[in-house]
Amino acid sequence: GWLAGCRVSFCTDNSTVEAAIYKGSSKSEKLHALVVRFLCLQSKYGDLVTVSQVSGKRMIAQGADSL
């Protein structure tokens, strides 16, 4: 519950994931399941989630790519 009402940044190096989350669905079964989980968590905790696409090289250099 400590994440309730927080602002969360979701950074991905995959523009397809970013587009699916903003669109709210995907034709890919696995990607659609990810979007549904993402939106359910956002709704459950009332978080403001910002999704952005970031260069994979930048994520590797920063160290977040291993997450």
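The values are calculated or read from the model by the stated rules, or taken from the named source; none is laboratory data. Values in this document were obtained by computation on a predicted structure and should not be read as measured data. Note that each Cβ is placed from the backbone with ideal geometry, even for glycine, and that neighbours are counted across all protein chains shown. Surface accessibility is based on the protein's heavy atoms, side chains included, excluding ligands, DNA and RNA. Shrake-Rupley method; radii C 1.70, N 1.55, O 1.52, S 1.80 Å.
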Rg from C-alpha atoms of the chain, normalised by the globular rule of thumb 2.2 N^0.38 Å, equals 1.17
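Work out the length of the dipole vector of the chain about its Cα centre, built from +1 on the beta-carbon of each Lys and Arg and -1 on the beta-carbon of each Asp and Glu, and round it to the nearest 20 debye.
Details: 8 positive and 5 negative charges, 17 e Å.
Here the size comes out at about 80 debye.
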For segment 1-52, the accessible surface attributable to carbon and sulfur atoms (probe 1.4 angstrom, ligands and nucleic acids excluded) amounts in percent to 58 percent
Listed by chain and number, the residues whose amide H is under 5 Å from that of residue 47, excluding neighbours fewer than 5 places away on the same chain and using placed H, are 5
Karplus ³J(HN,Hα) for segment 19-29 (6.51 cos²θ - 1.76 cosθ + 1.60, θ = phi - 60°; Hz, whole; x = Gly/Pro) runs 5, 5, 5, 5, 6, x, 6, 7, 6, 6, 4
